[in-house]
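J.: For reference, the structure I am asking about is given below.
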Amino acid sequence: MARIEVKSEITGTVWQIKKQVGEVVEEGDALIIIESMKMEIPVITEDPGTVKEILVKEKDPVAEGQVVAVLEG
């Protein structure tokens, strides 16, 4: 099983967490929604797998390139 790190592509604030630990996700699924400059930007997984960790919570600030979730694929 591979460890897959999912990173934020923008700097902003976690607005909503769409998936929970233990959920199976497919390529293209939105894991987290980040609010930046009044826009809602999804953090999308590029690989299928199972959510092992969500490293942020709602209202947390995030930086571009920050790992926000870990999948096992």
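The values are calculated or read from the model by the stated rules, or taken from the named source; none is laboratory data. Computed from a predicted model, the values in this text were never measured in an experiment. Heads up, the Cβs are rebuilt from the backbone with ideal geometry, glycines too, and the neighbour counts pull from every protein chain shown. Side chains are part of the model used for accessible areas, which takes the heavy atoms of the whole protein and leaves out ligands, DNA and RNA. Shrake-Rupley method; radii C 1.70, N 1.55, O 1.52, S 1.80 Å.
J.: Could you tell me whether E58 is within 12 Å of the chain's Cα centre (by Cα), open to solvent by 90 Å² or more (accessible area, probe 1.4 Å) and modelled with pLDDT under 95? Break it down into steps so the answer makes sense when it comes.
T.: Details: within 12 Å of the chain's Cα centre (by Cα): yes; open to solvent by 90 Å² or more (accessible area, probe 1.4 Å): yes; modelled with pLDDT under 95: no.
Judged against the criteria, E58 is not a match.
J.: Something else now. Find all pairs meeting these conditions: Cβ atoms under 9 angstrom apart; at least six residues apart or on different chains; first residue within the stretch 43-67 and within 12 Å of L31 (Cα to Cα) and part of a loop (DSSP other than H, G, I, E, B); second residue modelled with pLDDT under 95 and open to solvent by less than 80 Å² (accessible area, probe 1.4 Å).
T.: Within 9 Å, the pairs are D47/A2; D47/G73; P48/G73.
J.: Mind checking which residues of the stretch 19-42 are closer than 22 Å to A2 by Cβ and either aromatic (F, W, Y) or in contact (Cβ under 8 Å) with a residue 24 or more places away in the chain (or both)?
T.: The answer is K19, Q20, V21, G22, E23, V24, V25, L31, I32.
J.: List the number of the failed condition for A2; all other conditions in (1) at pLDDT 95 or above; (2) open to solvent by less than 70 Å² (accessible area, probe 1.4 Å) hold.
T.: Just one mismatch for A2, condition (1).
J.: Exactly one condition in (1) within 10 Å of the chain's Cα centre (by Cα); (2) assigned to a loop (DSSP other than H, G, I, E, B); (3) of a type in the set (V, I, T) is not met by I10; state its number.
T.: (1)
J.: Could you tell me whether G28 is modelled with pLDDT under 95 and touching a strand residue (DSSP E or B) at 6+ places or on another chain (Cβ under 7 Å)?
T.: Values: modelled with pLDDT under 95: no; touching a strand residue (DSSP E or B) at 6+ places or on another chain (Cβ under 7 Å): yes.
Judged against the criteria, G28 is not a match.
J.: Within the stretch 15-26, work out how many residues are surrounded by 11 or more Cβ atoms within 10 Å (Cβ to Cβ), more than 10 Å from the chain's Cα centre (by Cα) and closer than 12 Å to L71 by Cα.
T.: 4
J.: Provide a single number: the residues in the stretch 31-55 that are open to solvent by 60 Å² or more (accessible area, probe 1.4 Å) and among the hydrophobic types (A, V, I, L, M, F, W, C).
T.: Of the residues in the stretch 31-55, 4 are open to solvent by 60 Å² or more (accessible area, probe 1.4 Å) and among the hydrophobic types (A, V, I, L, M, F, W, C).
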